[in-house]
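What follows is a single structure, written as structure tokens, with notes after it.
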Amino acid sequence: MKPNHVVTYDGLPASAGAAHSLRTRKPRAAYEHVSRFVDGNTSPISFAEVGFRIWSGGPEDVTARLVSRTEEALGGPRRRDRTHTEWAVGADVLEAMLDLLGDAGTDARTGHGHSLAAVTWSAPVRLIDSTTGGVYEGIDADTFGMFPVDGYGRMLGESGVRATIGTASSSLSLWLNFPADERLAVAAAQVQENLPFRLSTKHWRTWQPTRDGRGYRSTRIPAPL
């Protein structure tokens, strides 16, 4: 395994039930924030996975209307369980689903006050070097031996973006891998420029190989911003 180092930003860990608020209750505006960041800062590794969810626990009449309109647009769900029903969303109907969320309004909430419905969007990506216009060389999952950082499928060297665009609120969870050298401050500033919220100061880590070369260990570092 190569003795490479990398800096990561984990903001905020979805495994801990948290994510950055996109600071708007308008679904289309929230999606535009996500698109601006993704288009301006990342290069996709594969196609995004897009879904539409309707949670249990909301007003029966509102839920019934949402389910009916969703099935008209998407057909039958791909998953149904006690907490929510989920559909796959193709690129050709994404705009229609954002309109559906907007039409439902911010009062479409569960009994706990959460969004009753949401578009979910997630994709593995690589960060773009603003000085070259290309991705950072040597920062990818293969370079770091496909090293898993947790039990949620994240790997060292591979960044990821996960957004939830909901009727009541919208959020963005980020797992970003930066160069651990003199380019770090500029890279972090470039990411910050395209986000509607401040990056956390507490979720930055540097990773380096363990002594036996079989894995990596991390140490928390101050925010480079």
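Filtered by the rule that a residue be of a type in the set (S, T, Y) and more than 20 Å from G160 (Cβ to Cβ), segment 110-129 gives T110, S115. When restricted to residues that are over 18 Å from L98 (Cβ atoms) and hydroxyl-bearing (S, T, Y), segment 69-84 contains 1.
I'd like to check something: does segment 217-225 contain any residue that is at pLDDT 95 or above and buried (at least 21 other Cβ atoms within 10 Å of the Cβ)? No, segment 217-225 contains no residue that is at pLDDT 95 or above and buried (at least 21 other Cβ atoms within 10 Å of the Cβ). Filter segment 125-154 down to the residues that are within 16 Å of the chain's Cα centre (by Cα) and at pLDDT 95 or above, then identify the one that is farthest from P179 (Cα to Cα). My answer is V125.
Is there a residue being among the aliphatic types (A, V, I, L, M), in contact with a strand residue (DSSP E or B) (Cβ under 8 Å, 6 or more places away or on another chain) and over 22 Å from R23 (Cβ atoms) anywhere in segment 168-180? Yes: one or more hits.
If we keep just the residues of segment 167-186 that are closer than 13 Å to W204 by Cα and buried (at least 21 other Cβ atoms within 10 Å of the Cβ), which is nearest to the chain's Cα centre (by Cα)? Looking at the filtered set, the residue picked out is L174.
Of the residues making up segment 28-55, just one is at pLDDT below 95 and of a type in the set (S, T, Y), namely S46.
In summary, R23 fulfils each of the numbered conditions (1) on the phi < 0 side of the Ramachandran plot; (2) touching a residue at least 60 places away in the same chain (Cβ under 8 Å); (3) out of contact with any Asp or Glu (no Cβ under 8 Å at 6 or more places or on another chain) with the single exception of condition (1).
Selection over segment 138-163 of residues that are surrounded by fewer than 23 Cβ atoms within 10 Å (Cβ to Cβ) and more than 16 Å from N4 (Cα to Cα) gives a count of 8.
Please tell me if T106 is in contact (Cβ under 8 Å) with a residue 40 or more places away in the chain, touching a Lys or Arg at 6+ places or on another chain (Cβ under 7 Å), surrounded by fewer than 20 Cβ atoms within 10 Å (Cβ to Cβ) and more than 21 Å from D10 (Cα to Cα). Considered against the rule, which asks whether it is in contact (Cβ under 8 Å) with a residue 40 or more places away in the chain, touching a Lys or Arg at 6+ places or on another chain (Cβ under 7 Å), surrounded by fewer than 20 Cβ atoms within 10 Å (Cβ to Cβ) and more than 21 Å from D10 (Cα to Cα), T106 comes out as yes. The set of residues from segment 29-47 being more than 11 Å from V191 (Cα to Cα) and crowded, with 20+ Cβ neighbours inside 10 Å comprises A30, Y31, H33, V34.
For segment 193-225, a residue qualifies if it is polar (S, T, N, Q) and more than 22 Å from T120 (Cα to Cα), and the qualifying residues are S200, T201, T206, Q208, T210, S218, T219. Criterion applied to G57, G113 was being farther than 29 Å from S159 by Cα and surrounded by 13 or more Cβ atoms within 10 Å (Cβ to Cβ), and the one residue passing it is G57.
The values are calculated or read from the model by the stated rules, or taken from the named source; none is laboratory data. Remember, it's a predicted structure, so these values are computed and weren't measured experimentally. As a convention, Cβ positions derive from the backbone with ideal geometry for all residues, glycine included, and neighbour counts pool all protein chains shown.
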